[in-house]
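Below is one structure, written out as structure tokens, with a few remarks after it.
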Amino acid sequence: MRSLMIIAAAVTVASCSRPVLPPGSALAEATAGRVPGPPQSCVSAYPAENLHALDSQNVAYGYGKTIYINHFAAPCPAVETGNTLIVDAGVGNEYCRGDHVRGREPGAIIPGPSCNLGSWVPYRLP
């Protein structure tokens, strides 16, 4: 009976973990069928938009016809799929190149170290 409970607990824990994706696959999926435009320094930060991590080196903003991708120069600790992103924006209601972004894991109180945003590349549906 005890071994059955251990197996059930292991299955439950395994089903709660995030799937491991090959590097770059979330970026490829987010930009599939879209055409990149010229990089922009800033994007408007509308509350209804969705800023989220694709992986530790790419964040995406927006949905629908245009998605903006920001690529970090190096992987950013704590910026991972499923983590809350905190942006220390320097200019009003915009996310701009040079702003600091940090990730906070679910259930954590203290966010990870900050990384600088780069340019935003818009990907639009043709």
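The values are calculated or read from the model by the stated rules, or taken from the named source; none is laboratory data. As the structure is a prediction and not an experimental result, all values here were calculated from the model. Using ideal geometry, Cβ is built from the backbone for each residue, glycine included, and neighbour counts are taken over all protein chains shown.
Here the condition is being more than 16 Å from the chain's Cα centre (by Cα), modelled with pLDDT of 80 or more, within 18 Å of W120 (Cα to Cα) and polar (S, T, N, Q); of S44, S56, it holds for S44 alone. Within region 1-34, if we keep just the residues that are over 21 Å from E80 (Cα atoms) and either in contact with a Leu (Cβ under 8 Å, 6 or more places away or on another chain) or polar (S, T, N, Q) (or both), the residue that is modelled with the lowest pLDDT turns out to be T12. Of all the residues in region 78-117, those that are under 19 Å from N50 (Cβ atoms) and assigned to a loop (DSSP other than H, G, I, E, B) number 13. With respect to (1) within 13 Å of T31 (Cβ to Cβ); (2) modelled with pLDDT of 95 or more; (3) of a type in the set (S, T, N, Q), the lone exception for T66 is condition (2). Of the set (1) in contact with a helix residue (DSSP H, G or I) (Cβ under 8 Å, 6 or more places away or on another chain); (2) free of Cβ contacts under 8 Å to residues at least 12 places away in the same chain; (3) not basic (K, R), all apply to Y123 but (2). From the list V43, V59, the one residue that fits, being more than 20 Å from A28 (Cβ to Cβ) and either of a type in the set (S, T, N, Q) or outside any loop (DSSP other than H, G, I, E, B) (or both), is V43.
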